[in-house]
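To start, the structure under review is shown below, and the notes come after it.
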Amino acid sequence: MPAPPPSHGPTTTTSRPPAAAEPEVASGAPGPGEEPSYASGARVLSVGIASTGIFTFLYLALASNALDPASYSRISLCWAIMFVILSVIYRPVEQLLSRTIADRRARGLRGHSLRIPALIQFGFASVFVVVALATRHDIEQGMFDGSSALYWILVIGVLAYSASYFARGWLAGHQRFALYGGLVFLESTSRFLFALAVAVGIGSGQSIVGLGMAVAPFASLFVIPFAFSRLRVRGPSALPAADAAREGPAHAQVEEAATDLSLRHGAGFAVSVVGIMLAEQTLMNAGVLIVAAKAGSKAGLTVGITGFVFNVLLIVRAPLQLFQAIQTSILPHLAGLEARESADEFHRAIRTTVLVIAAFGGAVAVGLLAVGPLVMTAFLGNKGFSYGRFGLAVVGLGMGLHLAAGTLNQAALARGRNALAAVAWLSAAALFVVLMLSGAISNQVTRVEVSYFTAALVLCGLLTAIYRRGPAPARPRAAS
């Protein structure tokens, strides 16, 4: 996709400047031509994440066809709950790491603190464990119809993903996009194999399909040794020989404290992104959860409506997963541009991305209007309900607005407008829930479709207003 020209971080010189003159150059920083651009990073990630999206879609498609409606509804509910939790408690730290590391590298500062992000992530994971254990009976009986297997799949999977999301943030901040793509690709393919095993008769039942959700984060971590082996090779070579000898092993440079990332600032950023992630997952999953709550334990096809609504919202999930390639590469890119005060390049990156998203969203809506019901039924089945082409097209338009809002959100994070962005997201999510509970539209599926589009439209408008306000007042930076 078209994007602004690559921008390069500062490079080392043959002599070290006086300590008071300027910050030290980041050890292990890439030299000329080594820093990947936003465009190249997005292209590399697009390959890995597009493949990931395909395997995720196939995982759910196989599960939908291999399981009965009630079992698939429980699997889709487990999936929805897990990824709400992951996005809310782990994506904030991923984004904090990505933004902080990219900002420091752009300013030529040495070392990246992992201690504070790790402390924040540990706190989030600990809260999850306490809540999950305290509400075990309610989760097993109220959500999974007594399935203890799905409960433990949820708990183990969420805890395992903590390491996976931390690695994503570190890789994104260092712009190791090929390894990032490999991480999410391993995650999706390993999960897909469990649904495939049930589809071909090697295994059976919802527990085997669900087990893929717990195994996937462990499989994704196989890329980590490659990341650190490359760091050991490249780290010292980026410094002059005398400085490299003084700096010591490259792995020690990773943990060096960055004094401008305080616990207060890091926690403030993370809490804002928690609000953003909670709101985004509300837009994507609250419809499923509200429909499931209204369906209750009724017999017959009514139970299948949860899985049917989940399938409708796959129109949102699949492109959003692909859009992770843009989101992941654009945040460190924008953070670097903001640190270097490259306003023209910053605006060009946002404008180009939003225009591409608008074209994509329009094409998806037209395609859904033409052949949406046929394609959805062929791949996912209908669970006893009928897909409406106009409703699917409305969801497609909402998806385009959602993607545009995601781009404007990354601009807000890069500019320090994270608190305002959180308010915008939470407002849109609240509107979505109100519309879902209002009963203004009697058909539950149509209500989900219209409510999602309306909330996405409002969200995009609010984030556009925040973008036009420009960057937040500069926060004093401590010396490295």
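Side notes on the structure shown:
- Answer from Phe218, Phe308 - the residue that is among the aromatic types (Phe, Trp, Tyr) and modelled with pLDDT of 85 or more: Phe218
- Of the residues making up segment 407-435, those that are out of contact with any Leu (no Cβ under 7 Å at 6 or more places or on another chain), modelled with pLDDT of 90 or more and either under 29 Å from Val291 (Cα atoms) or in a loop (DSSP other than H, G, I, E, B) (or both) are Ala422, Val423, Leu426, Ala430, Leu431, Val433, Val434, Leu435.
- Residue, farthest from Pro332 (Cα to Cα), within segment 150-166, restricted to residues that are of a type in the set (Gly, Ala, Ser) and crowded, with 22+ Cβ neighbours inside 10 Å: Gly157
- Among the conditions (1) surrounded by 23 or more Cβ atoms within 10 Å (Cβ to Cβ); (2) in contact with a Ser or Thr (Cβ under 8 Å, 6 or more places away or on another chain), the only one that Ser147 does not satisfy is (1).
- Per-region count, segment 332-360, residues under 19 Å from the mean Cα position of the chain (by Cα) and closer than 21 Å to Ala465 by Cα: 6
- Test: Ser386 is over 17 Å from Thr353 (Cβ atoms), small (Gly, Ala, Ser) and either outside any loop (DSSP other than H, G, I, E, B) or in contact with a Pro (Cβ under 8 Å, 6 or more places away or on another chain) (or both): yes
- Residue within segment 249-257 that is surrounded by fewer than 18 Cβ atoms within 10 Å (Cβ to Cβ) and at pLDDT 85 or above present: no
- Positions within segment 389-418 being farther than 30 Å from Leu97 by Cα, in contact (Cβ under 8 Å) with a residue 60 or more places away in the chain and either surrounded by fewer than 23 Cβ atoms within 10 Å (Cβ to Cβ) or not β-branched (Val, Ile, Thr) (or both), in sequence order: Gly391, Leu392, Gly396
- Residue match in segment 77-91 (condition: over 17 Å from the mean Cα position of the chain (by Cα) and either modelled with pLDDT of 85 or more or outside any helix (DSSP H, G or I) (or both)): yes
- Pairs meeting the criteria (first residue in segment 333-353 and charged (D, E, K, R), second residue surrounded by fewer than 19 Cβ atoms within 10 Å (Cβ to Cβ) and at pLDDT 75 or above, beta carbons under 7 Å, at least 6 apart or on different chains) are Glu338/Pro471.
The values are calculated or read from the model by the stated rules, or taken from the named source; none is laboratory data. The structure displayed is predicted, hence computed values, not measured ones. Note that each Cβ is placed from the backbone with ideal geometry, even for glycine, and that neighbours are counted across all protein chains shown.
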